[in-house]
Amino acid sequence: MLSACEKNAYPEDHEQLSEEERIVIRFSHVVGEDTPKGLAARKFAELVKERTNGYVEIQVFPNSFLYKDGEEISALLNGDVQMIAPSTSKVTSLVPEWQVFDLPFAFESFEEVQEYVKGPAGEVLFKKLEQEGMFPLAFWDNGFKQMTNNHSPLHMPADFSGLNFRIMASDLLSEQFELLDADSQVETFDQVFPVLDKEQLNAQENTFSNIVNKNIHSVQDYMTISNHGYLGYLVLINNEFWKNLPDDIQIIMLDTLREVTEWNMKFASEINEENYEELQACRCLEIHELTDTEKKQWEDAFIPLYERFEERYGASYIEYLPKYQ
């Protein structure tokens, strides 16, 4: 496979082909162009175009330009777009077992996430997506989520009482805040800033890069550095469309995605660190980092989530988490 991906194996001189003669792939996502996902999508598109000499054109549509969070998967399955990169939470309506990635404190690092994805549990989860009509091409990192609100500092689980959180569509995320005596409401990513700005909700959880990219910190007063939840993206392509692509194009795309995924992992870590430093420097909100004692209390409060997940989907997905190996 690797030898087939060397430059001399790529198709030659297709720049002059019309759109009807080329392979055009519409790639929709909901975040900004300067986020880890946004930049990875653009890098992938540029490399594929270069390596196929223009025969394959991947048209990237960021910022919910084509479809919002709740619309992307339907658009993919209907063939209205060919590629999307939703967060793992977004696919839980079709494959609820993917909620394992929503479990609080399930992972400590990007390396642990990738270890899980490449292991037996990840292999089964990917197969379940294929059965639903979506072929998983790659898994991209964003970062670990932090808590923000405009009511009070969050140190202990009791501090969450009465807050109203924006969440992604995931039953487990809803239950996470129920355990903390907080309310939650599902809103698409493009609505996070508006609902906080208008004070329709007063809290949210997100990565440093998403917080800074959407200027969320300007409408929140407090941040707790908790790293409690992982946020990553599945790069998905319509399964039927994928099967009809020529073998050489599939090989080029997979090889390129492997390269971009390695770059994404490094970049996501760097940009989140830069954005954290930016949030510290702006002095625009009060920042608290969980102590070991506080983290232990949060983890204890979330034990029922693990128990509920195990009751619904079995123990195997949890047993394969790196922290239990």
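The values are calculated or read from the model by the stated rules, or taken from the named source; none is laboratory data. As the structure is a computational prediction, the values presented were derived from the model and not from experiment. Reconstructed Cβ throughout: ideal geometry from the backbone, glycine too, with neighbour counts over all protein chains shown. Note: areas computed on protein heavy atoms with side chains; ligands, DNA, RNA excluded. Shrake-Rupley method; radii C 1.70, N 1.55, O 1.52, S 1.80 Å.
Which is in contact with a Pro (Cβ under 9 Å, 6 or more places away or on another chain), hydroxyl-bearing (S, T, Y) and either modelled with pLDDT of 95 or more or open to solvent by less than 30 Å² (accessible area, probe 1.4 Å) (or both), of Y317, Y313?
Just a single option satisfies the conditions, and that option is Y313.
Report yes if some residue within segment 63-82 is at pLDDT below 90 and at positive phi; otherwise report no.
yes
Within segment 166-178, does at least one residue satisfy the condition of being hydroxyl-bearing (S, T, Y) and touching a Lys or Arg at 6+ places or on another chain (Cβ under 7 Å)?
Scanning segment 166-178, I find no residue that is hydroxyl-bearing (S, T, Y) and touching a Lys or Arg at 6+ places or on another chain (Cβ under 7 Å), so the answer is no.
Does at least one position in segment 116-129 carry a residue that is among the hydrophobic types (A, V, I, L, M, F, W, C), in contact with a strand residue (DSSP E or B) (Cβ under 9 Å, 6 or more places away or on another chain), under 21 Å from F44 (Cβ atoms) and without any contact (Cβ under 8 Å) to a residue 24 or more places away in the chain? Give the steps one after another, and end with the answer.
Taking segment 116-129 and keeping what is among the hydrophobic types (A, V, I, L, M, F, W, C), we get 117, 121, 124-126, 129.
This time we only want the ones that are in contact with a strand residue (DSSP E or B) (Cβ under 9 Å, 6 or more places away or on another chain), so: 117, 125-126, 129.
Of the ones still in play, those that are also under 21 Å from F44 (Cβ atoms) are 117, 126, 129.
Then keep just the ones that are without any contact (Cβ under 8 Å) to a residue 24 or more places away in the chain; that gives 117, 126.
Within segment 116-129 (the criterion being among the hydrophobic types (A, V, I, L, M, F, W, C), in contact with a strand residue (DSSP E or B) (Cβ under 9 Å, 6 or more places away or on another chain), under 21 Å from F44 (Cβ atoms) and without any contact (Cβ under 8 Å) to a residue 24 or more places away in the chain), the answer is yes, since at least one residue qualifies.
Restricted to segment 23-33, and to residues that are closer than 18 Å to W242 by Cβ and of a type in the set (V, I, T), which residue is surrounded by the most Cβ atoms within 10 Å (Cβ to Cβ)?
For segment 23-33, the residue satisfying everything is I25.
Could you tell me which numbered condition S174 fails, if it satisfies all but one of (1) in contact (Cβ under 8 Å) with a residue 24 or more places away in the chain; (2) under 27 Å from E311 (Cβ atoms); (3) open to solvent by less than 40 Å² (accessible area, probe 1.4 Å)?
Here S174 meets the rest and fails (1).
Got at least one residue in segment 276-299 being touching a strand residue (DSSP E or B) at 6+ places or on another chain (Cβ under 7 Å), crowded, with 19+ Cβ neighbours inside 10 Å, under 29 Å from F160 (Cβ atoms) and polar (S, T, N, Q)?
Among the residues of segment 276-299, not one is touching a strand residue (DSSP E or B) at 6+ places or on another chain (Cβ under 7 Å), crowded, with 19+ Cβ neighbours inside 10 Å, under 29 Å from F160 (Cβ atoms) and polar (S, T, N, Q), which makes the answer no.
Among the residues of segment 260-267, are any basic (K, R) and closer than 25 Å to D171 by Cβ?
The answer is no; no qualifying residue exists.
For the structure I just gave you, tell me whether Q59 is of a type in the set (S, T, N, Q) and either in contact with a Cys (Cβ under 6 Å, 6 or more places away or on another chain) or in a helix (DSSP H, G or I) (or both). So that I can check it myself, show each step before the final result.
Working: of a type in the set (S, T, N, Q): yes; either in contact with a Cys (Cβ under 6 Å, 6 or more places away or on another chain) or in a helix (DSSP H, G or I) (or both): no.
No, not satisfied.
For segment 281-304, which positions are in a helix (DSSP H, G or I) and within 16 Å of M147 (Cβ to Cβ)? Talk me through it step by step, then tell me what you get.
To start, the set of residues in segment 281-304 that are in a helix (DSSP H, G or I) comprises 281-282, 292-301, 303-304.
Hits for segment 281-304 are E294, K295, Q297, W298, E299, A301.
Just one of the numbered conditions (1) part of a helix (DSSP H, G or I); (2) in contact (Cβ under 8 Å) with a residue 60 or more places away in the chain; (3) more than 21 Å from I84 (Cβ to Cβ); (4) of a type in the set (S, T, N, Q) is not true of N210; which one?
Every listed condition holds for N210 apart from (3).
Given (1) open to solvent by 40 Å² or more (accessible area, probe 1.4 Å); (2) of a type outside the set (A, V, I, L, M); (3) closer than 19 Å to F144 by Cβ; (4) in contact with a Leu (Cβ under 9 Å, 6 or more places away or on another chain), where does E259 come up short, assuming only one miss?
(3)
Considering only residues that are buried (at least 21 other Cβ atoms within 10 Å of the Cβ) and among the polar types (S, T, N, Q), look in segment 34-71 and name the one that is farthest from S269 (Cα to Cα).
Filtering first and then ranking leaves T52.
Would you mind finding the one in I237, I252, I216 that is open to solvent by less than 70 Å² (accessible area, probe 1.4 Å) and farther than 20 Å from A85 by Cβ? If you could, list the steps in order and put the result at the bottom.
Details: I237 fails: farther than 20 Å from A85 by Cβ; I252 fails: farther than 20 Å from A85 by Cβ.
Residue meeting the stated conditions: I216.
Go through the residues of segment 220-232 one by one and say whether even a single one is surrounded by fewer than 16 Cβ atoms within 10 Å (Cβ to Cβ), in a loop (DSSP other than H, G, I, E, B), more than 18 Å from the chain's Cα centre (by Cα) and of a type in the set (D, E).
The answer is yes; a qualifying residue exists.
From the list P104, P120, exactly one residue is touching a helix residue (DSSP H, G or I) at 6+ places or on another chain (Cβ under 9 Å), farther than 23 Å from L257 by Cα and either open to solvent by 10 Å² or more (accessible area, probe 1.4 Å) or modelled with pLDDT of 95 or more (or both). Which is it?
Details: P120 fails: farther than 23 Å from L257 by Cα.
Matching residue, one of P104, P120: P104.
For the condition of a type in the set (D, E, K, R), open to solvent by less than 50 Å² (accessible area, probe 1.4 Å), under 22 Å from A268 (Cα atoms) and touching a helix residue (DSSP H, G or I) at 6+ places or on another chain (Cβ under 6 Å), what is the one hit in E97, E112?
Values: E97 fails: under 22 Å from A268 (Cα atoms).
Residue meeting the stated conditions: E112.
Only residues in segment 139-165 that are without any contact (Cβ under 8 Å) to a residue 60 or more places away in the chain and closer than 17 Å to T291 by Cα count as the first member; pair them with residues that are part of a loop (DSSP other than H, G, I, E, B) and of a type in the set (S, T, N, Q), Cβ under 8 angstrom, at least 6 apart or cross-chain, and list the lot.
Listed by first residue and then by second, the contacts come to D159/S152.
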